1. Name the one entry in 133, 68, 87 that is on the phi > 0 side of the Ramachandran plot and not β-branched (Val, Ile, Thr).
2. Is it the case that residue 99 is acidic (Asp, Glu), under 17 Å from the mean Cα position of the chain (by Cα), surrounded by fewer than 18 Cβ atoms within 10 Å (Cβ to Cβ) and at pLDDT 95 or above?
3. Is it fair to say residue 132 is surrounded by fewer than 14 Cβ atoms within 10 Å (Cβ to Cβ), farther than 16 Å from residue 18 by Cα, in contact (Cβ under 8 Å) with a residue 40 or more places away in the chain and of a type outside the set (S, T, N, Q)?
4. Residues 50, 36, 72: which one is modelled with pLDDT of 95 or more, under 12 Å from residue 16 (Cα atoms), touching a Gly at 6+ places or on another chain (Cβ under 8 Å) and not polar (S, T, N, Q)?
5. Would you pick out the residues in segment 37-63 that are part of a helix (DSSP H, G or I), surrounded by fewer than 17 Cβ atoms within 10 Å (Cβ to Cβ) and small (Gly, Ala, Ser)?
6. Could you list, ordered by first residue, the pairs with Cβ atoms under 8 Å in which the first is in segment 107-127 and within 13 Å of residue 18 (Cβ to Cβ) and the second is assigned to a helix (DSSP H, G or I) and of a type outside the set (A, V, I, L, M, F, W, C), at least 6 apart or interchain?
Amino acid sequence: MSILEDPALARFVSGQMSMHVAACDARGFPTLVRGVGYRIDPGQPARLRVLVPQSQSEPVLRALAANGRIAVVLSEPASHRTLQLKGGDARVESVEPADVAAMAPYVEAMVDHLRAFDTPEPFMRALLACSAGELAVVSFTPAEVFGQTPGPQAGARLASGEAP
């Protein structure tokens, strides 16, 4: 069973969580970008497709092309429940219509999540703005899952069936 097929993880991931995508270059220098959506690849259900704005992602995309190592952090704004998915086979993929279609629901979910904190809707829409022509897609197979929820268990590897 792939990590993405674990029921506890699937429930968490399906909630459209706030996302950052990170990589590091050959010297170990980290770089990251805020994601603008994600989806499980139905043709390859073990792979996660993460959507990022091309112009903001150049350092991340270069690092991923060089070594394929990726970390994706997903966080639920209301509770700060957070997990990190790591993989070593990340690659830039062609943008598919389903990727473009995944952006709008993601933006709506983030606007909705942060409405409770009085985050101005125009701010969130500007933060997550990305045209279809500006979209880049990175796909990877999550190989490890770590809980990153603030507290004493932050950084612990999660076992199958464990939710963050």
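The values are calculated or read from the model by the stated rules, or taken from the named source; none is laboratory data. What you see is a predicted model, and the numbers here were worked out from it, not measured in a lab. Heads up, the Cβs are rebuilt from the backbone with ideal geometry, glycines too, and the neighbour counts pull from every protein chain shown.
1. Working: 133 fails: on the phi > 0 side of the Ramachandran plot; 87 fails: on the phi > 0 side of the Ramachandran plot.
Only one candidate qualifies: 68.
2. Working: acidic (Asp, Glu): yes; under 17 Å from the mean Cα position of the chain (by Cα): yes; surrounded by fewer than 18 Cβ atoms within 10 Å (Cβ to Cβ): no; at pLDDT 95 or above: yes.
Answer is no for this residue.
3. Working: surrounded by fewer than 14 Cβ atoms within 10 Å (Cβ to Cβ): yes; farther than 16 Å from residue 18 by Cα: yes; in contact (Cβ under 8 Å) with a residue 40 or more places away in the chain: no; of a type outside the set (S, T, N, Q): yes.
Spelling it out, it is not the case that residue 132 is surrounded by fewer than 14 Cβ atoms within 10 Å (Cβ to Cβ), farther than 16 Å from residue 18 by Cα, in contact (Cβ under 8 Å) with a residue 40 or more places away in the chain and of a type outside the set (S, T, N, Q).
4. On the way: 36 fails: touching a Gly at 6+ places or on another chain (Cβ under 8 Å); 72 fails: under 12 Å from residue 16 (Cα atoms).
Result: 50 is the single residue among 50, 36, 72 that is modelled with pLDDT of 95 or more, under 12 Å from residue 16 (Cα atoms), touching a Gly at 6+ places or on another chain (Cβ under 8 Å) and not polar (S, T, N, Q).
5. The answer is 55, and nothing else.
6. Listed by first residue and then by second, the contacts come to 107/125; 111/121; 111/125.
Residue by residue, here is whether (1) of a type in the set (D, E, K, R); (2) more than 25 Å from residue 46 (Cα to Cα) holds:
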| position | (1), (2) |
| --- | --- |
| 76 | yes, no |
| 87 | no, no |
| 90 | no, no |
| 114 | no, yes |
| 131 | no, yes |
